Amino acid sequence: MIVSQPKEEIAKFVSGIIGEGEHFPFDDYSALGLIKDGEIIAGVIYNHYVNPNIMMHVAAIPGRRWLNREFLFACFDYPFNQLNCNRITGLVPKKNKDARRFDTHLGFEYEGNMRKALADDDMLVYGMLKEKCKWLKLKNTLGNGSNIHSTDAA
C-alpha cells in the first residue's frame with residue numbers, strides 16, 4: 001500500500017537509511033511510503049519545492065521487493081503531474097556508487113559535481129526532466145493510476 005501519512009514516520013525511515021539522523025532536517029516536505037506487512041519498506045521525501053523544480057530523496061530496505069510499477073508511477077506522478085514540476089533534482093554522495101547506479105537506472109542524468117560539499121566527499125547532482133520520465137507512461141497500464149492513501153497506515 002502506498003501512503004502519504006504519517007509523513008513523520010516516512011521521513012524518519014528515509015533519514016535513517018540515507019544518514020540524515022533521527023528526523024528529516026526540513027520542516028516543509030512531502031512524503032510517500034510503501035507499506036508491506038504493516039512496515040515501511042521504501043520511502044520518498046520531496047523538499048525544496050521551487051516550481052518548476054523539486055528535490056527528491058529515495059530510500060528502501062535492501063533488496064528489490066519494493067520496486068513495483070505502482071510505486072514508481074506514484075513517485076514521479078506526484079512531482080511532475082500533481083505539483084506540475086518540469087524537473088526533479090537528486091543529490092548523491094560521490095562515494096555512494098549504489099545510489100548513483102540506482103538513480104541512473106531510474107532515468108536521472110548526471111549533471112555536475114559539487115566539490116567538497118560534504119565533510120569527506122563531493123556531492124553529485126542528478127536531474128530528471130518530465131519529458132524524459134519513463135515511469136509516467138505506466139499510468140496506462142495501472143488503470144486509474146496510483147492508489148495513494150493519506151491515512152495513518154504505517
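The values are calculated or read from the model by the stated rules, or taken from the named source; none is laboratory data. The shown structure was predicted, so the numbers you read here are calculated from the model rather than taken from an experiment. Note that we place each Cβ from the backbone using ideal geometry, even for glycine, and neighbour counts take in every protein chain shown.
What pairs come out if I take residues in the stretch 95-117 that are closer than 22 Å to LYS132 by Cα and pair them with residues that are at pLDDT 95 or above and acidic (Asp, Glu) whose C-beta lies under 7 Å away, six or more apart or interchain?
ASN113/ASP122
Being aliphatic (A, V, I, L, M) and modelled with pLDDT under 95: is that true of LEU32 here?
It is false that LEU32 is aliphatic (A, V, I, L, M) and modelled with pLDDT under 95.
Considering the stretch 116-154 alone, what residues qualify as being touching a helix residue (DSSP H, G or I) at 6+ places or on another chain (Cβ under 7 Å), at pLDDT below 90 and not polar (S, T, N, Q)?
LEU138, LYS139, LEU142, GLY145, ILE148, ALA154
Of the conditions (1) within 26 Å of PRO6 (Cβ to Cβ); (2) touching a residue at least 40 places away in the same chain (Cβ under 8 Å); (3) buried (at least 20 other Cβ atoms within 10 Å of the Cβ), MET128 clears all except one; give me its number.
Tallying (1) within 26 Å of PRO6 (Cβ to Cβ); (2) touching a residue at least 40 places away in the same chain (Cβ under 8 Å); (3) buried (at least 20 other Cβ atoms within 10 Å of the Cβ), MET128 fails exactly one: (1).
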